[in-house]
Amino acid sequence: MEVVITETAAEAATLSADAIEGLLQRRPDAVLGLATGSSPLGVYRDLALRVSHGSSSLARARAFMLDEYVGLPVDHPQRYRNVIDRELVTQVDIDPANVYGPDGNAEDLTAACVAYEEAIAAAGGVDLQIVGIGTDGHIAFNEPGSSLASRTRIKTLTRQTRSDNARFFGDDVGAVPQHCLTQGIATIMDARHVVLLAAGRGKGEAVHQVVEGPISAMWPATALQMHPHVTVIVDLAAASRLQLAAYYKDTYEAKPDWQGF
Ligand code: F6R
């Protein structure tokens with residue numbers, strides 16, 4: 001696990017966009033894994049700029065979303081597919097038909113989850129997965145207590161997550177759906193490269209746990225310690241609880257140029 005501490009969240013976004021741009025240069029038809037929420041927004045804005053300048057293209061890329069609320073109307077602005085369309089798909093040159101998400105309105109939600117796993121596998125798996133982290137240590141919507149071997153399935157959101165996400169629903173916790181479909185921890189672990197982004201003091205404890213805590217379903221993101229290629233990119237505030245922050249900074253400063261992410 002590589003830990004990169006940046007002065008600002010904008011710098012973290014640039015580094016993540018650099019990793020995506022590098023991947024797309026090596027593999028124009030790469031499969032990207034997309035998170036929603038506020039953490040990746042800077043990355044998506046940065047990618048949009050690169051596409052408009054012609055330095056990057058997602059024209060041949062495919063993408064899979066991490067999760068989706070269950071039961072939000074198709075035109076609800078906070079339905080994750082709509083958020084991704086607004087924040088990324090319409091801002092870059094990716095083909096919307098190549099962007100997939102779990103169907104939170106499916107009649108048979110269990111079958112939709114199985115189909116989603118099959119679609120990811122049929123695409124050859126995810127090359128680079130962007131993830132944010134919840135204040136309770138969730139990645140995607142794998143809340144504390146999630147099986148570390150889990151696959152795409154329905155989950156109940158914790159009160160904390162619903163309260164954290166109420167800001168997207170006019171500060172009305174009651175408007176945040178209780179259920180979601182989410183890639184499982186094992187689904188995320190199959191991605192070839194995972195880039196975890198976090199900003200702000202509120203993420204400090206979760207970042208400390210994911211990097212330095214014991215592996216535990218109580219902090220589901222800690223499963224990433226078992227992944228061979230994870231890059232954790234956090235701003236100074238999110239890094240505030242890291243015990244080995246000075247070591248991570250020294251390591252990054254001394255990183256050989258050829259190594260990349
Ligand atoms: C969203 C997702 C969630 C968020 C997490 C952090 O697709 O999978 O795990 O990444 O809740 O949310 P923000 O980035 O809004 O702090």
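Read-outs throughout are calculated quantities, based only on the coordinates presented, and are distinct from any laboratory measurement. All values derive from a computational prediction rather than experimental measurement. Positions of Cβ are generated from backbone atoms using ideal geometry, with glycine treated the same way; all protein chains shown enter the neighbour counts.
Within the chain, antiparallel bridges make up roughly 30 percent of the DSSP beta bridges whose residues both belong there. Within straight-line reach of K203, meaning a Cα separation under 18 Å, sit the following aspartates and glutamates at least 8 residues removed in sequence or on another chain: E2, E7, E11, D136, E143, D164, E212, D235.
From Cα pairs below 8 angstrom and at least 6 apart in sequence, can you work out the relative contact order of region 143-240, rounded to a whole percent? Intermediate results must be reported in sequence, preceding the final value.
Values: 148 pairs, mean separation 32.3, N = 98.
Rounded, it is 33 percent for region 143-240.
For region 95-108, backbone phi angles converted through the Karplus equation (6.51, -1.76, 1.60; θ = phi - 60°) give residue-by-residue couplings of 6, x, 5, 9, 10, 10, x, x, 8, x, 10, 5, 5, 10 Hz, Gly and Pro being listed as x.
With a Förster radius of 30 Å, plug the Cβ-Cβ distance of A59 and E11 into 1/(1 + (r/R0)^6) and report the FRET value to the nearest 0.05.
Computed FRET efficiency for A59 and E11: 0.65.
Note: region 141-209, Cα convex hull, 107 Å³ per residue.
The reciprocal of the average 1/r between distinct C-alpha atoms defines the Kirkwood hydrodynamic radius, which for the chain equals 18.3 Å. Electrostatic bookkeeping for A61 treats Lys and Arg as +1 and Asp and Glu as -1; over the other residues with beta carbon under 10 Å from its beta carbon, the sum is -1.
Sorted by average packing, counted as other Cβ atoms within 10 angstrom per residue and highest first, what order do 47-55, 238-246, 31-39, 180-188 take?
The peptides rank, most packed first, as 180-188, 31-39, 238-246, 47-55.
Spin-label model, Q243 to D95: label points 7 Å out along the Cα-to-beta-carbon direction sit 5.0 nm apart.
Result for the chain in a Gaussian network model with C-alpha springs under 10 Å: among G204, G145, G134, the largest mean-square fluctuation is at G145. Only the Cβ atoms of Lys and Arg (+1) and of Asp and Glu (-1) were treated as charged; on that basis the dipole of region 141-246 about its Cα centre amounts to roughly 160 debye.
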